[in-house]
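The values are calculated or read from the model by the stated rules, or taken from the named source; none is laboratory data. As the structure is a computational prediction, the values presented were derived from the model and not from experiment. FYI the Cβ positions are ideal-geometry reconstructions off the backbone, even for glycines, and counts take in every protein chain you see. Remember, those area values only see protein heavy atoms, side chains included, never the ligands or the DNA or RNA. Shrake-Rupley method; radii C 1.70, N 1.55, O 1.52, S 1.80 Å.
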Amino acid sequence: MCIRDRQNTHSKTLLKFLENPLLRLAILFIVVSTLYFFGVKVNFLTNPFDGILFLEDFVVNIGGVTISPVSWIFTTVWIVWILNLLSWSNGVDGQYGGIIGIGLFIIALLALRFSDLTPQYMGYARLAIIGSGISLGLLGVTWHPSKIMWGFGAMSAGIVLASLSILVQAKIIASILILLIPFLDAVVIFFRRLFSGKPPWKGDKQHLHHLLMNKGFSVQRIAFFYWVVTALFGGLSLLSVNAPLIQTILMIAGVVFFAIIIVSLKLFPKKKELPQIE
């Protein structure tokens with residue numbers, strides 16, 4: 001049993017201090033920061049209009065180890081952000097498994113896009129396909145009503161997805177498109193909590209899946225909605241992987257799409273069900 005499971009299931013355990021969200025976030029940053037030293041790093045950012053911003057231009061040597069602080073910090077923050085937005089999209093049965101499964105399948109295809117395919121990228125593709133198969137295969141027991149929950153496995157699957165998206169050189173915009181709805185939902189939630197004077201890590205019932213449930217959507221329909229959008233925008237990112245400008249346009253279109261959904265959910269009240277006539 002992992003430490004988190006014991007902390008959640010034993011009321012008298014000495015590990016209750018791990019429930020502190022700031023402590024858990026700090027531990028997550030420390031763990032994720034080590035991925036940089038295993039080759040999981042963002043070396044550059046592509047300007048959709050012109051040019052490339054190299055993050056490893058500035059390097060320092062610490063104890064014989066050469067690192068780029070900018071690349072290290074950006075990679076760590078990016079992966080932690082991905083893990084949190086995925087965690088926030090684990091609110092209804094079947095939702096998370098579908099997002100991870102479809103996202104990893106798209107990443108596998110991204111790994112196979114090079115004409116001079118190397119064994120290294122074949123390995124990334126195999127790992128992504130295996131992860132996708134596991135995630136989609138678990139839908140049989142995580143679909144509503146779920147028989148098991150992801151637990152700590154959700155974080156592990158998220159790390160695999162975030163790391164592989166970097167290793168296969170999927171551009172930041174492509175990664176955003178694959179996880180567009182969870183990404184935009186997390187951005188809105190983060191700033192809404194911040195501007196309302198609440199800590200961004202303090203949970204509430206204002207995520208998109210909560211709003212959809214309040215409007216009468218079933219758990220199955222919500223999960224299926226997330227799957228379709230992930231597959232749609234993930235597929236579009238795959239088709240435009242070598243066209244950053246097109247990806248930027250797609251992302252803007254996705255933002256508009258998300259805004260329309262949110263406004264519709266806020267403005268139009270839930271339809272009242274008519275009483276049944278016996």
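Within the range 51-68, can you find the residues that are surrounded by 15 or more Cβ atoms within 10 Å (Cβ to Cβ) and modelled with pLDDT under 90? Within the range 51-68, L55, E56, I67 meet the criteria. When the helices (runs of 4 or more DSSP H) confined to the range 106-169 are screened for residues that are open to solvent by less than 40 Å² (accessible area, probe 1.4 Å) and within 23 Å of V80 (Cα to Cα), those reaching at least 1 such residues are found at 119-137, 153-167. For the range 44-67, residues that are closer than 19 Å to I30 by Cβ and in contact with a helix residue (DSSP H, G or I) (Cβ under 9 Å, 6 or more places away or on another chain) total 2.
Looking at the range 240-252, which of its residues are assigned to a helix (DSSP H, G or I) and either touching a residue at least 40 places away in the same chain (Cβ under 8 Å) or under 21 Å from I222 (Cα atoms) (or both)? Correct list: P244, L245, Q247, T248, L250, M251.
Residues in the range 220-260 that are at pLDDT below 90 and either of a type in the set (S, T, Y) or more than 17 Å from I176 (Cβ to Cβ) (or both): S237, S240, T248, I260. Select from the range 179-211 the residues that are open to solvent by 10 Å² or more (accessible area, probe 1.4 Å), part of a helix (DSSP H, G or I), in contact (Cβ under 8 Å) with a residue 12 or more places away in the chain and over 20 Å from L28 (Cβ atoms) and list them in ascending order. Matches in the range 179-211: L184, V188, R192, H210, L211. A Cβ distance below 7 Å, combined with a sequence gap of six or more or placement on separate chains, defines the contacts here; from the range 60-78, residues that are part of a helix (DSSP H, G or I) reach residues that are aromatic (F, W, Y) and at pLDDT 90 or above in the pairs W72/Y36; T75/Y36; T76/F29; T76/Y36. Pairs meeting the criteria (first residue in the range 218-237 and closer than 11 Å to H144 by Cβ, second residue open to solvent by 50 Å² or more (accessible area, probe 1.4 Å), beta carbons under 6 Å, at least 6 apart or on different chains) are V219/H144; Q220/H144.
When S87, S71 are checked against the criterion of being polar (S, T, N, Q), surrounded by 13 or more Cβ atoms within 10 Å (Cβ to Cβ) and closer than 28 Å to G137 by Cα, a single residue qualifies: S87.
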